[in-house]
Amino acid sequence: MILKLYRHRGKIWKQKFQSIKAISPQLKQLVKDMQETLELTSGVGLAAPQIGQPLRLFIVDYGELKETFINPKIIKREKEADEVEEGCLSVPGVRGLVSRSTGIEIDYIDIHGKKKRAILAGYYARIVQHEYDHLSSTFYTSHIVDKNKLYTYKPIKIVYFGTSEFAVPILKTLYGQQFVGEVEIPLVITAPDAPAGRGKTSTSSLVKLIATEFNLNIDTPASLKGNKKFVSKLKSLNPDFIVLASYGKIIPKEILEVPKKGSINVHPSILPKYRGPSPIGSAILAGDKSTGVTIIKMNEKMDEGDILGTARIRISTKDTAQSLSKKLADLSSKFILHILHLAHLEKIKAKPQNHKLATYTKIIRKEDGLINWKKPPQNLELIIRAYYPWPGVWTKYNGKILKLLPGNKLQLEGKNPVTVKEFKAGHKDFTLNW
């Protein structure tokens, strides 16, 4: 359950917070709800008073540190300190440089009731000190190095364009920031409902389903070019940014020029490589060892805008287009917040792409997955991973469709998936390997 966040001027901060006497089922449920709330907000730590509970408890979820701190007590702080910019879920729209110790030792009880002592350094130590302060009703603004450099900003107003599954985690993250109070999403644009499945049932996009769940305003224009009514609607919202991820249509110039601070596209490749509609499968198909996300300022041409930032990840030898898409979407959902924050404060300069290095991808169609099993391509294993789940790799065997699946499996039409070895045991003429 998502819990309400309490701002720094709430009555909760005037109470004395109580030590926890027992690890009860109710406490475990509270921690679970806190974790769900923290995940939605993209924060790294959350203290019980921030969700209205006067308890000496906080959680941290950053990097390798995923822990519940019950009745914590910092017993040592290193003398050396450093300065890093901080913000807070209870103080939205404010940032400033904060000086904190670079290392600490802390005693606490974990969610299983076990007494522990942790020695933390760097950013881990900073997060814990930040949350620990909340247990004495203290906020990071008390530690600002130079209060003249403390800056505030209004919520970033965003119109979001997205359709496919890749766009869902990004919208969830932006909604989480709206929940905190740092973002405002007046409108979500997605594809119109379309017939899907064997029954051709009218089906909403995944982005529409999530936006509906979040009670966000939604529009599904059938066309964008020359749509004066739609452009007028966007202008009336006066957005700071358009953010687009896997929307499926080219955005006309008159729409790109609507937001005050620019239109931004989240593209799942390291541009200028793999421009176009199928960059994720193309990276697998090429046997690339890594790929990533590029955030660009959009122009009228396909994926040719100036680059605001890139983030890389490795491609596993077991990654399919499906699994890699999820990894890149999760990466994008975190990266977009960083880029938006810098762009909103005009602290980032976009860099032009090297168009001479550009490569382009194509729309993948069902027939692209068809192979001749008696004369298979040399890169069959890569094709199977790149085309999973769509369009899938398939062939015709004894008049039936035979699907080639990741993990060296086969699925004959009307049958369950089996290993290649199992299939060959019952079909002696089948000789394909990969």
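For the stretch 318-342, give me each residue that is at pLDDT below 95 and surrounded by fewer than 17 Cβ atoms within 10 Å (Cβ to Cβ). Hits for the stretch 318-342 are Asp330, Lys334, His338, Leu342. Can you tell me which residue is farthest from Thr431 (Cα to Cα) among those in the stretch 358-374 that are outside any helix (DSSP H, G or I) and touching a strand residue (DSSP E or B) at 6+ places or on another chain (Cβ under 8 Å)? Among those that are outside any helix (DSSP H, G or I) and touching a strand residue (DSSP E or B) at 6+ places or on another chain (Cβ under 8 Å), it is Ala358. If I filter the stretch 70-86 for residues that are open to solvent by 30 Å² or more (accessible area, probe 1.4 Å), free of Cβ contacts under 8 Å to residues at least 12 places away in the same chain and under 29 Å from the mean Cα position of the chain (by Cα), do I get at least one hit? No, the stretch 70-86 contains no residue that is open to solvent by 30 Å² or more (accessible area, probe 1.4 Å), free of Cβ contacts under 8 Å to residues at least 12 places away in the same chain and under 29 Å from the mean Cα position of the chain (by Cα).
Taking the criterion of being of a type outside the set (Asp, Glu), out of contact with any Gly (no Cβ under 8 Å at 6 or more places or on another chain) and on the phi < 0 side of the Ramachandran plot, the residues of the stretch 190-204 that qualify are Pro192, Ala194, Pro195, Ala196, Arg198, Gly199, Thr201, Ser202, Ser204. Checking the stated criteria, Leu410 turns out to be farther than 30 Å from Thr41 by Cβ, surrounded by 12 or more Cβ atoms within 10 Å (Cβ to Cβ) and either at pLDDT 95 or above or touching a Pro at 6+ places or on another chain (Cβ under 6 Å) (or both).
Looking only at the stretch 276-310, which residues are out of contact with any Pro (no Cβ under 7 Å at 6 or more places or on another chain), farther than 12 Å from Leu382 by Cα and hydrophobic (A, V, I, L, M, F, W, C)? Selection gives Ile295, Ile296, Met298, Met302, Ile307, Leu308. Of Ile250, Ile280, all but one fail to be surrounded by fewer than 14 Cβ atoms within 10 Å (Cβ to Cβ) and either under 23 Å from Phe335 (Cα atoms) or in contact (Cβ under 8 Å) with a residue 24 or more places away in the chain (or both); the exception is Ile250.
Please work out if Ser236 is over 24 Å from Ser204 (Cβ atoms), part of a helix (DSSP H, G or I), free of Cβ contacts under 8 Å to residues at least 24 places away in the same chain and polar (S, T, N, Q).
Working: over 24 Å from Ser204 (Cβ atoms): yes; part of a helix (DSSP H, G or I): yes; free of Cβ contacts under 8 Å to residues at least 24 places away in the same chain: yes; polar (S, T, N, Q): yes.
Considered against the rule, which asks whether it is over 24 Å from Ser204 (Cβ atoms), part of a helix (DSSP H, G or I), free of Cβ contacts under 8 Å to residues at least 24 places away in the same chain and polar (S, T, N, Q), Ser236 comes out as yes.
Inclusion of Ser42 among residues that are open to solvent by 40 Å² or more (accessible area, probe 1.4 Å) and within 17 Å of Ile109 (Cβ to Cβ) is not warranted.
Does Gln35 meet the test of being within 19 Å of the chain's Cα centre (by Cα), open to solvent by 40 Å² or more (accessible area, probe 1.4 Å) and in contact (Cβ under 8 Å) with a residue 24 or more places away in the chain? Taking the combined requirement at face value, the residue satisfies it. When restricted to residues that are under 20 Å from Lys233 (Cβ atoms), open to solvent by less than 10 Å² (accessible area, probe 1.4 Å) and of a type in the set (Val, Ile, Thr), the stretch 157-181 contains 2.
Residue by residue through the stretch 222-247, note down the ones that are surrounded by 15 or more Cβ atoms within 10 Å (Cβ to Cβ) and either among the aliphatic types (A, V, I, L, M) or over 17 Å from Lys157 (Cβ atoms) (or both).
Filtering the stretch 222-247 down to residues surrounded by 15 or more Cβ atoms within 10 Å (Cβ to Cβ) leaves 224, 227, 230-231, 233-234, 237, 239-247.
Leu224, Asn227, Phe230, Val231, Leu234, Leu237, Ile242, Val243, Leu244, Ala245, Ser246, Tyr247, listed by residue number.
The condition (being within 24 Å of Gln353 (Cα to Cα), of a type outside the set (Val, Ile, Thr) and in a loop (DSSP other than H, G, I, E, B)) is satisfied by just one residue among Lys225, Lys261: Lys261. Can you tell me which residues in the stretch 343-356 are under 19 Å from Leu271 (Cβ atoms) and open to solvent by 40 Å² or more (accessible area, probe 1.4 Å)? Hits for the stretch 343-356 are Ile348, Lys349, Lys351, Pro352, Asn354, His355, Lys356. With the condition kept exactly as written, say whether any residue in the stretch 1-23 is assigned to a strand (DSSP E or B), in contact with a strand residue (DSSP E or B) (Cβ under 9 Å, 6 or more places away or on another chain) and surrounded by 14 or more Cβ atoms within 10 Å (Cβ to Cβ). Among the residues of the stretch 1-23, not one is assigned to a strand (DSSP E or B), in contact with a strand residue (DSSP E or B) (Cβ under 9 Å, 6 or more places away or on another chain) and surrounded by 14 or more Cβ atoms within 10 Å (Cβ to Cβ), which makes the answer no.
Out of everything in the stretch 278-328 that is among the charged types (D, E, K, R), out of contact with any Leu (no Cβ under 8 Å at 6 or more places or on another chain) and not in a loop (DSSP other than H, G, I, E, B), what residue ends up being farthest from Tyr388 (Cα to Cα)? Outline the logic, then answer.
Step one: of the stretch 278-328, the residues among the charged types (D, E, K, R) are 288-289, 297, 300-301, 303-304, 306, 312, 314, 318-319, 326-327.
With the extra rule that they be out of contact with any Leu (no Cβ under 8 Å at 6 or more places or on another chain), the set shrinks to 288-289, 301, 304, 306, 312, 314, 318-319, 326-327.
Those still in the list that are not in a loop (DSSP other than H, G, I, E, B) too: 312, 314, 326-327.
Values: Arg312: 22, Arg314: 18, Lys326: 13, Lys327: 15 Å.
By that ranking, first place goes to Arg312.
Looking only at residues of the stretch 408-430 that are part of a loop (DSSP other than H, G, I, E, B) and touching a residue at least 12 places away in the same chain (Cβ under 8 Å), we find that the one that is farthest from Pro377 (Cα to Cα) is Gly414.
Taking the condition in a loop (DSSP other than H, G, I, E, B), aliphatic (A, V, I, L, M), open to solvent by less than 50 Å² (accessible area, probe 1.4 Å) and closer than 14 Å to Lys374 by Cα, does Leu404 pass? First the steps, then the outcome.
Working: in a loop (DSSP other than H, G, I, E, B): no; aliphatic (A, V, I, L, M): yes; open to solvent by less than 50 Å² (accessible area, probe 1.4 Å): yes; closer than 14 Å to Lys374 by Cα: yes.
It is false that Leu404 is in a loop (DSSP other than H, G, I, E, B), aliphatic (A, V, I, L, M), open to solvent by less than 50 Å² (accessible area, probe 1.4 Å) and closer than 14 Å to Lys374 by Cα.
Selection of the stretch 406-434 for residues being within 30 Å of the chain's Cα centre (by Cα) and within 15 Å of Leu285 (Cα to Cα) yields only Pro406. Among the candidates Ile74, Ile119, Ile111, the residue that is closer than 27 Å to Asp33 by Cβ and outside any loop (DSSP other than H, G, I, E, B) is uniquely Ile74. Could you grab me the full set of residues in the stretch 45-69 that are farther than 19 Å from Val98 by Cβ, polar (S, T, N, Q) and either open to solvent by 20 Å² or more (accessible area, probe 1.4 Å) or touching a residue at least 60 places away in the same chain (Cβ under 8 Å) (or both)? Residue satisfying the conditions is Gln53 alone.
The values are calculated or read from the model by the stated rules, or taken from the named source; none is laboratory data. Model, not experiment: these values are computed from the prediction. We place every Cβ from the backbone using ideal geometry, glycine too, and count neighbours over all the protein chains shown. What goes into the accessible areas is simple: the full protein's heavy atoms, side chains included, and nothing from ligands, DNA or RNA. Shrake-Rupley method; radii C 1.70, N 1.55, O 1.52, S 1.80 Å.
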